[in-house]
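The values are calculated or read from the model by the stated rules, or taken from the named source; none is laboratory data. What you see is a predicted model, and the numbers here were worked out from it, not measured in a lab. Glycine gets a Cβ as well: all are built from the backbone with ideal geometry, and neighbour counts include every protein chain shown. Heavy atoms of the whole protein, side chains included, go into the accessibility calculation; ligands, DNA and RNA do not. Shrake-Rupley method; radii C 1.70, N 1.55, O 1.52, S 1.80 Å.
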Amino acid sequence: MERYRIDHIGDQRMERNRSDESLAANASTRAPSGAAVMRSSVTDALTRAFFEEWAQTGLGALSLERVAKRAGVGKAALYRRWSSKQDMAIELIKTVGLNLTPIPDSGSLLGDLRLILLSLRQTLRHPLVRRILPDLHAEMARTSALSAEIRNTLQYERRERGKVIVDRAITRGELTASADRDLANDALASILYWRVVVTGGRVSRVEIDKIAQFIAAGLGRQ
């Protein structure tokens, strides 16, 4: 299972009453003496608990102690992985953010745009995402370090990956070399974000097709 997928963030089915130490005691291979065992199941539980707590309280009021309690592990297990709330937020946002929307290759610009929009729609409709994203943007305005990390790494990497779709379309002859890659990225993200998160509306597959055609037509006129 791919770690940190959004459809597992809110999953409550994991056992939460065992610490890293007790998990290690049951492992068939013992760690070297004095070494902390970093079990992926504990990391996953902490990840889910962090986003659940964030959605409930907001990042500013989030307590790492409550995150550990929600995950069913000791505070030491959390602090072995992240030294502060900001460090945890930055790492998990970047890890989850880059895995949420893969870059498809359908063989056509319109097909790629549709697939990305459908994937984004699924992400933005997730109840945790809908509550966390507005709070993240507010925190970025208040916290320069968080803003710099997100903009300089996550947003940059996602935009670079998104440009691949335009480059493929240029190679196939669907677009000219002057097609605006940044505009394509902005259009894909902003239209759905406004519809789903800001206005709380629904976007049907028919509307997804219309948005994809709108973006493709705009890029084609450049």
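Among the residues of the stretch 60-82, those that are closer than 21 Å to I132 by Cα, surrounded by 16 or more Cβ atoms within 10 Å (Cβ to Cβ) and of a type in the set (G, A, S) comprise A68, A71. The residues of the stretch 39-53 that are part of a helix (DSSP H, G or I) and among the charged types (D, E, K, R), listed by number, are D44, R48, E52, E53.
When I103 is tested against the conditions (1) within 19 Å of the chain's Cα centre (by Cα); (2) closer than 26 Å to R39 by Cα, the lone failure is (2).
Residues of the stretch 83-106 that are open to solvent by 30 Å² or more (accessible area, probe 1.4 Å), small (G, A, S) and touching a residue at least 40 places away in the same chain (Cβ under 8 Å): none at all. Do we find a residue being open to solvent by 70 Å² or more (accessible area, probe 1.4 Å), of a type in the set (A, V, I, L, M), without any contact (Cβ under 8 Å) to a residue 12 or more places away in the chain and assigned to a helix (DSSP H, G or I) anywhere in the stretch 144-166? Looking for residues that are open to solvent by 70 Å² or more (accessible area, probe 1.4 Å), of a type in the set (A, V, I, L, M), without any contact (Cβ under 8 Å) to a residue 12 or more places away in the chain and assigned to a helix (DSSP H, G or I), one finds none in the stretch 144-166, hence no. Residues in the stretch 67-84 that are charged (D, E, K, R), over 22 Å from the mean Cα position of the chain (by Cα) and assigned to a helix (DSSP H, G or I): K69, K75.
Flag: R202 does not match the condition of being assigned to a helix (DSSP H, G or I), out of contact with any Pro (no Cβ under 6 Å at 6 or more places or on another chain) and basic (K, R).
Out of the stretch 174-207, which residues are open to solvent by 60 Å² or more (accessible area, probe 1.4 Å), small (G, A, S) and farther than 19 Å from L128 by Cα? Result: A177, S178. Take the conditions free of Cβ contacts under 8 Å to residues at least 60 places away in the same chain, open to solvent by 20 Å² or more (accessible area, probe 1.4 Å) and within 24 Å of I211 (Cα to Cα) and apply them to L110. Does it pass? No, not satisfied. Filtered by the rule that a residue be in contact with a Gly (Cβ under 8 Å, 6 or more places away or on another chain) and assigned to a helix (DSSP H, G or I), the stretch 173-199 gives R181, L183, A184, N185, A187, L188, R195.
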